[in-house]
Amino acid sequence: MSGDQSRSLGKGSAAPGPVPAGQLRLYSMRFCPYAQRTRLVLRAKGISHEVININLKNKPDWYFEKQPSGLVPALETSKGQLIWESPITCEYLDEAFPGKKLLPSDPYERAFQKMLLEDFSKMTSLLFKHVLAVKDGQDTTALKAEIADKFGKLEEVLSKRNTVFYGGDSVSMIDYLIWPWFERLEPFQLKDSLNHTPKLQRWVEAMKEDPAVKATITDPQTYKNYLQLYLKNSPEACDYGL
């Protein structure tokens, strides 16, 4: 079985066969924010694909032959071509497939989105650091203040551009690339970090109306329950709720 909500393949599982002609395969994990980036772009562009979920707590040996670091997401084409690293998979999909272009054609706007992604990429570790600090019962006051400061910088970008989305008045690539972490703010116990960023709050609400976001969103309680298992290194975490 393959699909967004299929059970994951772990150690001892048989490797899937070749990707059928004209088809595209995504190696993913249901709760992974990086893989969600690729899933969002696949949905937004209406690209026909199959999904094979990988158990990241009990990885199958055959997967390392496809992706040496064993991480998701990775794309595989019917020619056996493999593409990984989430921003690279997303850019590949935008360039290789027809339909709405998610990356801007203007060179400066493309550069702007890549610069914003670079800045945001330095934030994601802070968000997960907060998850671990809460789990260990540490005081997170300073960390939350640092995170709120970073969100303030994102607020400034929307203020300067005076648009609902980061690429303009409709959703573009950068919005999809940063969205998965905002979806997880509630289970990360960081929702109040947006209290002083009204434009960022408006962006979050607008993103929730996007069809690709609606198709890939995870209920906060489900994610919270998954996270508890994941933090215990449980091999059952990736299949929570199935």
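The values are calculated or read from the model by the stated rules, or taken from the named source; none is laboratory data. Everything numeric here is computed off the predicted structure, so don't read it as measured data. Please note: Cβ atoms are built from the backbone with ideal geometry, for glycine as well, and neighbour counts cover all protein chains shown. When the accessible area is computed, the model is the full protein with side chains, heavy atoms only, and any ligands, DNA or RNA have been set aside. Shrake-Rupley method; radii C 1.70, N 1.55, O 1.52, S 1.80 Å.
Some points to look at:
To keep it simple, each residue is scored yes or no on (1) in contact with a strand residue (DSSP E or B) (Cβ under 8 Å, 6 or more places away or on another chain); (2) modelled with pLDDT under 95; (3) closer than 28 Å to Ser172 by Cα.
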position	(1), (2), (3)
Arg39	yes, no, yes
Gly46	no, no, yes
Leu56	no, no, no
Gln67	yes, no, yes
Cys90	no, no, yes
Leu102	no, no, yes
Gln113	no, no, yes
Lys122	no, yes, yes
Asp139	no, no, no
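- Within region 73-88, the set of residues being touching a helix residue (DSSP H, G or I) at 6+ places or on another chain (Cβ under 7 Å) and in contact (Cβ under 8 Å) with a residue 60 or more places away in the chain comprises Ser86, Pro87.
- Lone unmet requirement of (1) more than 24 Å from Ile52 (Cβ to Cβ); (2) open to solvent by 60 Å² or more (accessible area, probe 1.4 Å); (3) not aliphatic (A, V, I, L, M) for Lys79: (1)
- Candidates Phe188, Phe182, filtered to the one that is within 19 Å of Ala133 (Cα to Cα), out of contact with any Asp or Glu (no Cβ under 8 Å at 6 or more places or on another chain), modelled with pLDDT of 95 or more and part of a loop (DSSP other than H, G, I, E, B): Phe188
- Across region 141-165, the number of residues qualifying as assigned to a loop (DSSP other than H, G, I, E, B) and buried (at least 17 other Cβ atoms within 10 Å of the Cβ) comes to 1.
- Filtering Val204, Val213, Val171 for residues that are within 30 Å of Ser28 (Cα to Cα), at pLDDT 95 or above, in contact with a Phe, Trp or Tyr (Cβ under 9 Å, 6 or more places away or on another chain) and assigned to a loop (DSSP other than H, G, I, E, B) leaves a single hit, Val171.
- Test set (1) in a helix (DSSP H, G or I); (2) surrounded by fewer than 20 Cβ atoms within 10 Å (Cβ to Cβ); (3) of a type in the set (Ser, Thr, Tyr); (4) touching a residue at least 60 places away in the same chain (Cβ under 8 Å) - Thr222 fails condition number: (4)
- Verdict on Ser172 being touching a strand residue (DSSP E or B) at 6+ places or on another chain (Cβ under 9 Å) and small (Gly, Ala, Ser): yes
- Residues of region 103-121 classified as open to solvent by 50 Å² or more (accessible area, probe 1.4 Å) and either in contact with a helix residue (DSSP H, G or I) (Cβ under 8 Å, 6 or more places away or on another chain) or assigned to a helix (DSSP H, G or I) (or both), total: 8
- Close pairs (8 angstrom Cβ cut-off, 6 or more residues apart or separate chains): farther than 14 Å from Phe182 by Cα and touching a residue at least 24 places away in the same chain (Cβ under 8 Å) in region 196-211, among the basic types (Lys, Arg) and buried (at least 16 other Cβ atoms within 10 Å of the Cβ) anywhere: Pro211/Arg43
- For the criterion of being under 30 Å from Thr163 (Cα atoms), open to solvent by less than 50 Å² (accessible area, probe 1.4 Å) and in contact (Cβ under 8 Å) with a residue 24 or more places away in the chain, Val19 fails.
- Residue under evaluation Met29, criteria (1) under 23 Å from Tyr230 (Cβ atoms); (2) in contact (Cβ under 8 Å) with a residue 60 or more places away in the chain; (3) out of contact with any Leu (no Cβ under 9 Å at 6 or more places or on another chain), criterion not met: (3)
- Test for Thr197: is it open to solvent by 10 Å² or more (accessible area, probe 1.4 Å), among the hydroxyl-bearing types (Ser, Thr, Tyr) and more than 15 Å from the chain's Cα centre (by Cα): no
- Selected residue (only one of Lys66, Lys100, Lys79, Lys114 is basic (Lys, Arg) and within 30 Å of Leu231 (Cα to Cα)): Lys66
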